[in-house]
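A short reminder: the numbers here are calculations on the coordinates, not readings from a lab. Computed from a prediction, not measured in an experiment: that's the story for all the values here. Cβ atoms come from the backbone with ideal geometry, glycine included; neighbour counts cover every protein chain shown.
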Amino acid sequence: MNRRINTNNIILKSIISDNTKISNEIMALKYVIIEPVGFPIRINSENLKITIEDPTLFNVYAREQWEGETIKEGDYLFDNTLIPDYAFKVISTYPMDGGIITRDTLFKLKTEGVCEDRPFKKVKFEEVIGQESAKKKCKIIIKYLKNPEIFGEWAPKNILFYGPPGTGKTLLARALATETDVPLYLIKATELIGEHVGDGSKQIEKLYSQALNNRPCIIFIDELDAIGLSRQYQSLRGDVSEVVNALLTELDGIHNNDGVVTIAATNNPDMLDSAIRSRFEEEIRFELPDDRDRLMIMDLYKEKMPLKIKGNLKKYVEKTKGMSGRDIKEKFLKPALHRAILEDKKYIDEKDLDAVLSELNKSKRETPLNLYG
């Protein structure tokens, strides 16, 4: 059983971007659907049932060990860490002819469906720092969800959130659901793609049918561009195309989706297919935080951290310029916390914060990778 990673792929993985074709015809994979199939040899009838609690965490786990692998439909991937030699079969990929797994590849574990009203972490409206224009525009959604019958055909039905990653698009959707106390269906666009042509449209119909039974409610579709790219950027395969067509039917309100607000999010609105983008009557832009917002974000997380920060956070306002709220938490404050914990400190000091920033700046200077170095 050969599970070695091709060294050429290790070089390639750092320079491949989505939908970019390289000279040897290997494509970067946009998404991969895998199915747990078990061990190649069963001992004492041992069997494991694999489930995932957090799709985002599963994607980090999958990319960590399989980045650089070249695969196609029907191939197998083997777990090298938690359950050594446990096999996952590749059910489907996009592009459909296979390609190389990159740090941007999205993984989906084969499941029965994605239409559950999943629990979500509630967040207050005022906890969404900055984005004042977006929050102001969203007040009409709050009024509608609290009293949908007064709007009639003038209801805010389809809303597009767009802007840089980590700027609070999902956070604001959670705040809207919390504020109005309505169900929230949080779904990534890739989860709507079925294993076989026809599955995706059924999932869309089931999703909206369940939403109608629990209205008023919010459907939040993240990473819309994963299925809704303009034809000039991708050649849509059948199962993606039928998902898009089914979604367009629901966005058009053919099934009378009164009381259901569909919010979709994307980082690249200009790359969306015009047929999809035209269905959203309101586009709400999310901006990177300014100086005031970055300080407020740092102060907010400072109160939630398990170790206190001993230092003047105002000194880091300029140094964190260009960071999103997520970057400040995940790339700045969290590594500083981990550094302090590893050194058995009782607090985070400016040395920890400065060290993290130094590493970040060093990382920026070292990219892009020199293939011949």
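With a simple spin-label model that places each label point 7 Å from the Cα along the Cα-to-Cβ direction, the separation between His338 and Lys206 comes to 3.6 nm. Going by a ≥ b ≥ c, the root eigenvalues of the Cα gyration tensor, does the range 125-285 fall in the rounded group (a/c under 1.5), the prolate group (a/b larger than b/c) or the oblate group? Note, shape of the range 125-285 comes out oblate.
Within a straight-line Cα-Cα reach of under 22 Å, Lys89 can be paired with the following lysines, leaving aside sequence neighbours fewer than 8 residues apart in one chain: Lys13, Lys30, Lys49, Lys72, Lys108, Lys110, Lys188. Residues whose amide H lies under 5 Å from that of Ser92, counting only those 5 or more places away or on a different chain, are Ile33; hydrogens are built 1.01 Å from N in the peptide plane. Straight Cα distances below 19 angstrom link Lys310 to the lysines Lys302, Lys319, Lys329, Lys331, Lys334, Lys345, Lys346, Lys351, with same-chain residues fewer than 8 positions distant left out. Taking the Cα-to-Cβ direction at Arg285 and at Ser133 and moving 7 Å from each Cα, how far apart do the two end points lie in nm? So the two model labels end up 0.4 nm from each other. Assign one of three labels to the range 291-365, namely rounded, prolate or oblate, based on the Cα gyration tensor with a ≥ b ≥ c the square roots of its eigenvalues; rounded applies when a/c is under 1.5, prolate when it is not and a/b is larger than b/c, and oblate otherwise. Oblate, since a/c reaches 1.5 and b/c is not below a/b. The phi-based Karplus calculation (6.51 cos²θ - 1.76 cosθ + 1.60; θ = phi - 60°) puts the 3J(HN,Hα) values of the range 90-106 at 7, 7, 7, 9, 10, x, 5, 7, x, x, 9, 7, 10, 5, 9, 5, 9 Hz, whole numbers, x for Gly and Pro. When Rg and Dmax are taken over the Cα atoms of the range 75-182, they come to 20.0, 59 Å.
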